[in-house]
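All remarks here apply to the structure that follows.
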Amino acid sequence: MKKVIFSLALGTFGLGMAEFGIMGVLTELARDVGISIPAAGHMISFYAFGVVLGAPIIALFSNRFSLKHILLFLVTLCVIGNAIFTLSSSYFMLAVGRLVSGFPHGAFFGVGAIILSKLARPGKVTAAVAGMISGMTVANLIGIPVGTWLSQEFSWRYTFLLIAVFNIAVIVSVAFWVPNISDEAKGKLREQFHFLKNPAPWLIFSATMFGNAGVFAWFSYVKPYMMYISGFSEALMTFIMMLVGLGMVLGNLLSGRLSGRYTPLRIAVITDFVIVLALLLLFAFGGIKAASLTFAFICCAGLFALSAPLQILLLQNAKGGELMGAAGGQIAFNLGSAIGAYCGGMMLTLGFAYNYVTLPAALLSFSAMSSLLLYGRLKRGVQQQVAPAT
């Protein structure tokens, strides 16, 4: 069981490197290929669109193959996509590489969760899934700073070559450590969509999308922001990426600790409110190095502090369609990445300075908080209607 979890964690580590590693190489990519930084930022959006397309397509064909074979196919796509991106010089082929490498992202998490739910003992499934997801947090703490350093010292291509090679190792681990099992829950695909008739899951999807979009509108351009607004040298970016990666790890841990004391809704609403404040303070005080580091840490901690409570809220409101709800959460999360990167890039295209990307970011995060408040109001209304009847 430990080998299975470790193998899946290696997979999410590679996915985290591919998804977030682009932020640390944005300036080198733009300079090498001869495109603007906002155009380079579109590579974040192409990856996210790949996720949005991939999750439902894989779900439609998943009943034809064993879960292990699907997993092997998904990781092979990771190798191919990152290899294409590494070797490309045209904008079109770079976009193709990002689309292909993003395609397996959401499906990998879904298939991995199904495998662990079949193998883990009762009561241990959540811990097993958390172990799988830990690979992504470690990627933000260690992998992405390493990728940033490789980009600065050699080339951004070395970063994505490393990701492609790493995923070959993931294929080997899946082949040897993941058992060949199938998903026996077939023929009920239509029933898994019934929960979408209610407004509650849509409000949570909205909160997931806007919450991620808010942080990504700024985080997509964290490197030029830190260099041109806060005044940090390019050599320090590796350490800055490690700092924000640590924020993501600690935010995830803090959210888990608080879940025993507060409801998921309260944790998510307060987290979104803190992110809004941090983004506005990044706009106002980004020129002060200590302030920019502090608020950057808070934003990235908030991004992963939202993950667990939003997933719990989705599970609570996707009865009979939990797997589709989880896939929908991944789609919303990555659609938010695309929207955020586009909105931040739009400010740069209009000629504003890099600190102005925090303004649409704050508005998007405020929209996420508003969606959760509407969800809370909806739930209270339902409870009040049920109470007199009982």
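The values are calculated or read from the model by the stated rules, or taken from the named source; none is laboratory data. Computed from a predicted structure; not experimentally measured. Reconstructed Cβ throughout: ideal geometry from the backbone, glycine too, with neighbour counts over all protein chains shown. Keep in mind that these areas ignore ligands, DNA and RNA; they rest on the heavy atoms of the full protein, side chains included. Shrake-Rupley method; radii C 1.70, N 1.55, O 1.52, S 1.80 Å.
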Worksheet, complete the sentence: Expressed as a percent, the accessible surface of the chain that is carbon or sulfur, using a 1.4 Å probe and the full set of protein chains, is 70
Practice prompt. Give the residue from 94, 177, 292 lying farthest towards the positive end of the charge dipole for the chain; charges sit on Cβ (+1 for Lys and Arg, -1 for Asp and Glu) and the dipole is referred to the Cα centre.
Written response: 177
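So, for the stretch 27-149, what is the accessible surface per residue at a probe of 1.4 Å, expressed in square angstrom? Mind dumping the intermediate values first?
Working: 4770 Å² over 123 residues.
That works out to 39 Å² per residue.
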Item to complete: Could you do me a favour and compute the accessible area per residue for the stretch 254-390, 1.4 Å probe, result in Å²?
Response: 49
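Listed highest first by mean packing, meaning other Cβ atoms within 10 Å per residue, what order do 298-306, 275-283 come in? Don't skip to the end; give the middle numbers.
Values: 298-306: 26.4, 275-283: 22.2.
Going by the mean number of other Cβ atoms within 10 Å, highest first, we get 298-306, 275-283.
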Practice prompt. Could you grab the relative contact order for the chain? Cα pairs under 8 Å, six or more apart, rounded to a whole percent.
Written response: 26
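Applying 1/(1 + (r/R0)^6) with R0 = 35 Å to the Cβ-Cβ distance of residue 121 and residue 235, what FRET efficiency is obtained, to the nearest 0.05? Write down the numbers at each step before the final one.
Values: r = 48 Å, r/R0 = 1.37.
Once the sixth-power term is evaluated, E becomes 0.15.
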Discussion item. Using only the heavy atoms of the protein chains and a 1.4 Å probe, how would 193, 219, 295 rank by accessible area, largest first?
Written reply: 193, 295, 219
Worksheet, complete the sentence: Between the modelled labels at residue 315 and residue 172 (7 Å from Cα along Cα→Cβ) the distance in nm is 3.4
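Note down, for the stretch 1-122, the three equivalent ellipsoid semi-axes (square root of 5 times each alpha carbon gyration tensor eigenvalue), biggest first, whole angstrom.
On the way: eigenvalues 180, 42, 23 Å².
That gives 30, 14, 11 Å for the three semi-axes.
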Worksheet entry | Globularity ratio of the stretch 229-307, using Cα Rg and 2.2 N^0.38 Å | 1.17
Discussion item. What percentages make up the Cα-Cα pair-distance distribution of the chain when the bins are 10 Å wide from 0?
Written reply: 5, 24, 35, 25, 9, 2, 0
Discussion item. In the stretch 198-350, if the dipole is taken from +1 on Lys/Arg beta carbons and -1 on Asp/Glu beta carbons about the Cα centre, which of 237, 336, 301 is farthest to the positive end?
Written reply: 301
Worksheet item: Any idea what the dipole of the stretch 1-102 comes to, in debye rounded to 20, about its Cα centre with Lys/Arg Cβ at +1 and Asp/Glu Cβ at -1?
Response: 420
Worksheet entry | Listed peptides 147-155, 160-168 by packing density, highest first (mean Cβ within 10 Å) | 160-168, 147-155
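Among 201-214, 336-349, how do they line up by average Cβ neighbours within 10 Å per residue, starting with the highest?
On the way: 201-214: 25.9, 336-349: 23.0.
The densest-packed peptide leads the list: 201-214, 336-349.
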Fill in: Close Lys-Lys pairs in the chain, where close means Cα under 25 Å and separation is 8 or more or interchain
23
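Sort 246, 29 from largest to smallest accessible area, using a 1.4 Å probe on the heavy atoms of the protein chains.
Values: 246 65, 29 0 Å².
Descending accessible area places them as 246, 29.
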